[in-house]
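One structure is given here, and the rest of the page talks about it.
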Amino acid sequence: MTTLFERNESERRLLLMDRSRPGRLGTTLPRLDVPESDLPDGSMLRDDLELPEVSEGEIVRYFSQISQLNFSIDHNFYPLGSCTMKYNPKLNDEIASLPGFSDIHPLQPEGTAQGAIKLLWELQEYLNEITGMAGCSLAPMAGADGELAGMLMARAYHLERGDDGRKNVLIPDSAHGTNPASAAMAGFEVVSLPSDSNGNTDLDALRDSVDDNLAGLMITLPSTLGLFDTNILDVTRIVRDAGGIVYGDGANLNAIVGRVKFGDLGFDVIHSNLHKTFTQPHGGGGPGAGPVIAGPRLVDYLPTPIAERGERDGGGDERFSLKRPPKTIGRMGAFHGNFGALARAWAYIRTLGREGIPQISEDAVINANYVLSQLRGFYDLPYDRSCMHEVVFSASSLRREHGARALDVAKRLIDYGIHPPTMYFPLIVDEALMIEPTETESKETLDFFIEVMKTIAKEAAEDPDLLHDAPHNTPNTRLDEARAARRPDLRWRRGSE
Amino acid sequence: MVSDSFQSPYVPNTDADRRAMLDAIGVDSVDELFADVPDGYLNYDLDLPRGLDELELGRYAAELAATNCVPGEYACFLGAGSYRHHVPAVVRQIASRSEYMTAYTPYQPEVSQGTLQTAFEFQSMICQLTGMDVANLGMYDGSTSMAEAALMAARITRRERVAIVDSASPLYREVLDTYTQAPGLAVDTISASDTRIEDGTACVIVQQPNFFGYMEDLDRLSKLARESGALLIVSVDPVSLGMFKPPADYGADIVVGEGQALGVAPAFGGPYVGLFACKRAYVRQMPGRIVGRTVDTRGREAYVLTLQTREQHIRRERATSNICTAVALIALMSTVYAASFGRRGLRRIAELCYHKAHYAASLIEGIPGYSLPMRGTFFQEFVVECPLPPSEINERLLNLRIIGGLDVSGSVENGMLVCVTEMNSREEIESFAKALGEFGGGG
């Protein structure tokens, strides 16, 4: 017998189609104010379309109720390493929602969208300045999209020089999976590069890997171990001397923004994840933005379009336009990138300005090192040195001694209202727990987190099943992911309940 | 007067907090934490403007926004891949809930069921609209969906040619060229009336309605693809599927499209959501995130990211794609939009666009000097051959607060691609036609 309590739990999870009742409507229907025309031949038309029929109030309650099953930045501490889950300023959302931005059409004549193009131009200038590069295209719509653009630019550069044998791209073993995947999409062979015992690039291995087939290197700085590679100047020099392009994955820009410029260090092209460093909300997985930013060697190959500032004929007012770079690799999307995300990043940079931008990296790095210093001894530290914006611990001792894995620690954190850190990444760290507090968290929040992490280490020793069965307080316990993959059930079907 | 020295509202640390943390870390200054940066490479030279307070920035942003001509204040007849439709208030309200907006990718399903369940709703809705078996949680936009579909077809068929019907969007075609350049896929442009395609063609790509607004003969193209062992990829406008038969009925193997028309603002080109659906047999070759239904340890239904062995974080350079975005928030907007209008409402919106576009076409066709050079069935867009270059006409229309159609004189002499949706009132349509008559008719 189902109790009313159980009914409450299950009925709020009913899918829209199972709530549907013929005749209900969720909004008013616009009226027809012109004469009707003949509809096309019936053979072209459908009468089989199934969509939910629900009232507006039902829609709002349904989506509001299930929204509360989420953790989010606005509700929870979210120290998810490599994802830079910092506070997303509300002002930025309001600015992006101004009708003068949100309602304009991407193909309007440039003269009717001067404010929007000026915003793009300003953002390009800021990103060039912050990263020390020569030119920027805001077109890529995600970090991985920026990587693809950058690697296609590297390919075009080599091909234009008649260098068609350069097929190999070196990628450290600690890299995000997008790096090898993007290099492959850009037509390259991936060669994995080991890290040394300090977590830096292994320079001997690098020297052994460079030859006439070298197209370039993709490297994340600071690395995904949360470390600033102390060999970085040697790394970029060796690759460039061998004729390769140095690609910088800017996923971890939050650690060095306002302090270190990629351009100074010998990078040829980078991308910046605006949804990390520059606060575009993550939205449950997107949208993001991943501008690609190039140094002098690659700037002419940027994806189209680029915003430019010029003068009206005869001087006078400035005039902004969208231009095609001379040797462009082409178009990354139908229009000019994710303008809504770009407007938010622009607003963020304008709010912080030259004084506030360096503050980001200062506090991000202090906060991460504080966590490191307080949890040393409670969890393993595979690389015990000053970290940058994130710290990678390992639960390998906990696993060996008590049978509690990184996954169990992560799931137990949920019971304390904290989103788990990134786990099992980077791949070169056993039982990795990658913690990125960000600069927007207070010392009080960090102290609570530290206390919880210490408690969980103690619980692991005393009652490991408490961890194995976690989380305990969520609407769902751990899921059968194997079943999901073995028997894919990917959509609503009539009668499938 | 209280000091106005800059303090970021987004950083809670005070100097006292910093001092306490640096002491706990065991360093004297923050510079010691940056000691791994090579000597001389800490570069504080930052040529940025000073920070603006909320009042100043609000004013500056409003000033920039005000220099744009905003559809709504202007009558606007632009489409070509970005469409203006009425978005019920509930869509923005739900999508701005911070539980959705400020969550990350749902890697931890126990605390992400909101995102995951709405994602499952989105996949279901896209399947119902397109008639296909399975759909993913979205690509960057319609154009990248189309390009990824071509790569997927090449993987499935192990063939290296792609045929695209010449009536597809030239912007989408450019993106296809970007994606196919490195894998070395040859792209053949074909006509919808061609009776054969090159041997070894992986797919035939067709846009429906096509870039010029007209319906292509999918039966024919489906047969053409099938006879050559190629897959049929159809790029759709989802609103048109409120009334027109879905691509699945014509045997489409992969259906892609731009989801923006379903409840998402034009926003100068993004963010949008690329739709991606296919036959069940091909699901393991799909790019992008996919959500599946399963059970938890207590047997309760719940949702989880699945089939992840296709993806870059596991498969690395052998992944089906490098994508790790699912444009979940935009997908949510489309889901709420479709739920609001429902079966009947979406049909209504599609028919309104159809009737209004046909009314506009009938008025324009009657103006001396103007004609509709294309024949066949169109949905909400059509091409007008003008007596003057459309760029000149559009310039003069702006003075009347009308943003005219897209200049497609590269494809059709003096061609203007006109889009009419339910957003264009009868008055706007009639003013537009009247103005065209004054500019063109008889000189």
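The values are calculated or read from the model by the stated rules, or taken from the named source; none is laboratory data. Everything numeric in this text was worked out from a predicted model, so none of it was measured. All Cβ positions, glycine included, derive from the backbone under ideal geometry; neighbour counts span all protein chains shown.
Observations on the structure shown:
- Residue in region B:53-67 that is surrounded by the most Cβ atoms within 10 Å (Cβ to Cβ), counting only those that are hydrophobic (A, V, I, L, M, F, W, C) and at the interface with another protein chain (Cβ under 7 Å from one of its Cβ atoms): B:61
- The listed residue being buried (at least 16 other Cβ atoms within 10 Å of the Cβ) and within 8 Å of chain B (Cβ to nearest Cβ), out of A:36, A:50, A:58: A:50
- Residue within region A:350-359 that is under 26 Å from residue A:156 (Cβ atoms), at the interface with chain B (Cβ under 10 Å from one of its Cβ atoms) and surrounded by fewer than 24 Cβ atoms within 10 Å (Cβ to Cβ) present: no
- Pick from region B:282-305, criterion touching a residue at least 24 places away in the same chain (Cβ under 8 Å) and of a type in the set (Lys, Arg), ranking: surrounded by the fewest Cβ atoms within 10 Å (Cβ to Cβ): B:284
- Residue that is nearest to the other protein chains (Cβ to nearest Cβ) [pool: residues in region B:176-198 that are within 23 Å of residue B:285 (Cα to Cα) and in a loop (DSSP other than H, G, I, E, B)]: B:182
- Residues (within 7 Å of another protein chain (Cβ to nearest Cβ) and touching a Pro at 6+ places or on another chain (Cβ under 9 Å)) located in region A:117-127: A:126
- Unique match (being surrounded by fewer than 20 Cβ atoms within 10 Å (Cβ to Cβ) and either within 14 Å of chain B (Cβ to nearest Cβ) or part of a loop (DSSP other than H, G, I, E, B) (or both)) among A:230, A:277: A:230
- With respect to the conditions (1) farther than 27 Å from residue A:276 by Cβ; (2) part of a loop (DSSP other than H, G, I, E, B); (3) in contact with a helix residue (DSSP H, G or I) (Cβ under 6 Å, 6 or more places away or on another chain), residue A:24 falls short on a single one, namely (3).
- Members of region B:88-108 that are outside any loop (DSSP other than H, G, I, E, B) and more than 22 Å from the chain's Cα centre (by Cα): B:98, B:99
- Meeting the requirement of 1 or more residues that are modelled with pLDDT of 95 or more, under 19 Å from residue A:490 (Cβ atoms) and aromatic (Phe, Trp, Tyr), the strands (runs of 3 or more DSSP E) wholly within region B:288-405 are B:301-305.
- Among the residues listed as A:166, A:155, the single one being farther than 20 Å from residue A:392 by Cα, in contact (Cβ under 8 Å) with a residue 24 or more places away in the chain, outside any loop (DSSP other than H, G, I, E, B) and basic (Lys, Arg): A:155
- In summary, residue A:338 fulfils each of the numbered conditions (1) among the polar types (S, T, N, Q); (2) surrounded by fewer than 19 Cβ atoms within 10 Å (Cβ to Cβ); (3) closer than 20 Å to residue B:146 by Cβ with the single exception of condition (2).
- The residues of region B:407-431 that are under 16 Å from residue B:169 (Cβ atoms), out of contact with any Pro (no Cβ under 8 Å at 6 or more places or on another chain) and either within 12 Å of chain A (Cβ to nearest Cβ) or part of a helix (DSSP H, G or I) (or both), listed by number, are B:417, B:419.
- Candidates B:339, B:350 - the one that is within 7 Å of chain A (Cβ to nearest Cβ) and of a type in the set (Gly, Ala, Ser): B:339
- Residues being in a loop (DSSP other than H, G, I, E, B) and among the β-branched types (Val, Ile, Thr) - total across region A:172-212: 1
- Single match in A:431, A:459 (criterion: surrounded by 16 or more Cβ atoms within 10 Å (Cβ to Cβ), more than 22 Å from the chain's Cα centre (by Cα) and on the phi > 0 side of the Ramachandran plot): A:431
- Filter pass, residue B:369 being within 8 Å of another protein chain (Cβ to nearest Cβ) and on the phi > 0 side of the Ramachandran plot: no
- Among the residues of region B:68-83, the one identified as more than 7 Å from chain A (Cβ to nearest Cβ) and closer than 30 Å to residue A:57 by Cβ is B:83.
- Screening B:159, B:173 for residues that are touching a strand residue (DSSP E or B) at 6+ places or on another chain (Cβ under 6 Å), surrounded by fewer than 24 Cβ atoms within 10 Å (Cβ to Cβ) and either at the interface with chain A (Cβ under 8 Å from one of its Cβ atoms) or more than 26 Å from residue B:263 (Cβ to Cβ) (or both) leaves exactly one candidate, B:159.
- Total residues in region B:3-18, condition at pLDDT 95 or above and exposed (fewer than 13 other Cβ atoms within 10 Å of the Cβ): 3
- Taken over region B:320-336, the criterion of being in contact with a Phe, Trp or Tyr (Cβ under 9 Å, 6 or more places away or on another chain), more than 25 Å from residue B:76 (Cα to Cα) and more than 7 Å from chain A (Cβ to nearest Cβ) is satisfied by B:331, B:332, B:335.
- Against the criterion of being surrounded by fewer than 16 Cβ atoms within 10 Å (Cβ to Cβ), modelled with pLDDT of 95 or more and over 30 Å from residue A:448 (Cα atoms), residue A:31 qualifies.
- Residue that is surrounded by the most Cβ atoms within 10 Å (Cβ to Cβ), among those in region A:472-497 that are outside any loop (DSSP other than H, G, I, E, B) and of a type in the set (Gly, Ala, Ser): A:484
- Residue that is nearest to the chain's Cα centre (by Cα), among those in region A:305-349 that are of a type in the set (S, T, N, Q) and within 11 Å of chain B (Cβ to nearest Cβ): A:338
- Condition check for residue A:192: without any contact (Cβ under 8 Å) to a residue 60 or more places away in the chain, surrounded by 24 or more Cβ atoms within 10 Å (Cβ to Cβ) and in the same structural domain as residue A:294 (by TED's automatic domain parsing): no
- Take the conditions (1) farther than 21 Å from residue B:167 by Cβ; (2) surrounded by fewer than 20 Cβ atoms within 10 Å (Cβ to Cβ); (3) not charged (D, E, K, R); residue B:341 misses just one of them, which is (2).
- Of the residues making up region A:96-124, those that are touching a Lys or Arg at 6+ places or on another chain (Cβ under 9 Å) and either more than 23 Å from residue B:401 (Cβ to Cβ) or among the hydroxyl-bearing types (Ser, Thr, Tyr) (or both) number 4.
- A search for C-beta distances below 7 Å between a residue of region B:179-198 that is without any contact (Cβ under 8 Å) to a residue 12 or more places away in the chain and any residue that is buried (at least 17 other Cβ atoms within 10 Å of the Cβ), counting only pairs 6+ apart in sequence or on different chains, returns B:181/A:152; B:182/A:152; B:182/A:155; B:182/A:185; B:182/A:186; B:182/A:187.
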